[in-house]
């Protein structure tokens, strides 16, 4: 991935657009749609549900998780899926069924509010938090950490909404499967390997 391509993805994240994250090393190459949490809208959630079709998750830092009173569902190593899930959440107020695009966007907005706490959310709900590692993608080269790092690098906060992409046949998509989707919606692509290179270069 060239610097120009990666910079285009960063600019898209900064502008509140949805991008594609590719190259998750822990999920066999699964790809995700991603939007900075601070820019989430009902339209973005609906796009992810329509074109991603995977589980819509909220990737947060350990600090935000602590603020919301969220902990890993399974912090141990036994029967571990490798996905850093916390309990599912819903906004305590302002939602109806909780599952609509508008309700899920509202739940993300409530959870991301500056003074948000555990009192502002209920569980279970229809938004699925993922707690990223504090070292980001350099510590764990997966979509959760990559999404947080991309949002941060783009100046768009430190949380993101992500959704894995499923093919029409129900199998998980790879980047070569979604050329038409990328072209139709002018989606920028951010490769995790390029993000790692950028972050490592910044440390030198």
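The values are calculated or read from the model by the stated rules, or taken from the named source; none is laboratory data. Owing to the predicted nature of the structure, the values given are computational and were not obtained by experimental measurement. Cβ sites come from the backbone with ideal geometry, for glycine too, and all protein chains shown count toward neighbours.
Structure summary
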| item | result |
| --- | --- |
| Failed item, numbered, when residue 141 is tested on (1) within 17 Å of the chain's Cα centre (by Cα); (2) in a loop (DSSP other than H, G, I, E, B); (3) modelled with pLDDT of 95 or more | (3) |
| Those residues of segment 11-35 which are touching a helix residue (DSSP H, G or I) at 6+ places or on another chain (Cβ under 6 Å) and farther than 17 Å from residue 55 by Cα, in sequence order | 13, 16, 23 |
| Enumeration of residues in segment 157-189 that are without any contact (Cβ under 8 Å) to a residue 40 or more places away in the chain, surrounded by 10 or more Cβ atoms within 10 Å (Cβ to Cβ) and either part of a helix (DSSP H, G or I) or within 18 Å of the chain's Cα centre (by Cα) (or both) | 177, 184 |
| Residue match in segment 195-204 (condition: surrounded by fewer than 20 Cβ atoms within 10 Å (Cβ to Cβ), touching a residue at least 12 places away in the same chain (Cβ under 8 Å) and outside any helix (DSSP H, G or I)) | no |
| Residue that is farthest from the chain's Cα centre (by Cα) [pool: residues in segment 52-90 that are over 20 Å from residue 111 (Cα atoms) and not in a loop (DSSP other than H, G, I, E, B)] | 53 |
| Number of the condition not met by residue 84 [criteria: (1) in contact with a strand residue (DSSP E or B) (Cβ under 8 Å, 6 or more places away or on another chain); (2) under 26 Å from residue 197 (Cβ atoms); (3) surrounded by fewer than 18 Cβ atoms within 10 Å (Cβ to Cβ)] | (3) |
| Only listed residue being over 30 Å from residue 113 (Cβ atoms) and either free of Cβ contacts under 8 Å to residues at least 40 places away in the same chain or in a helix (DSSP H, G or I) (or both), chosen from 5, 13 | 5 |
| Any hit, segment 121-129, residues being in a strand (DSSP E or B) and surrounded by fewer than 13 Cβ atoms within 10 Å (Cβ to Cβ) | yes |
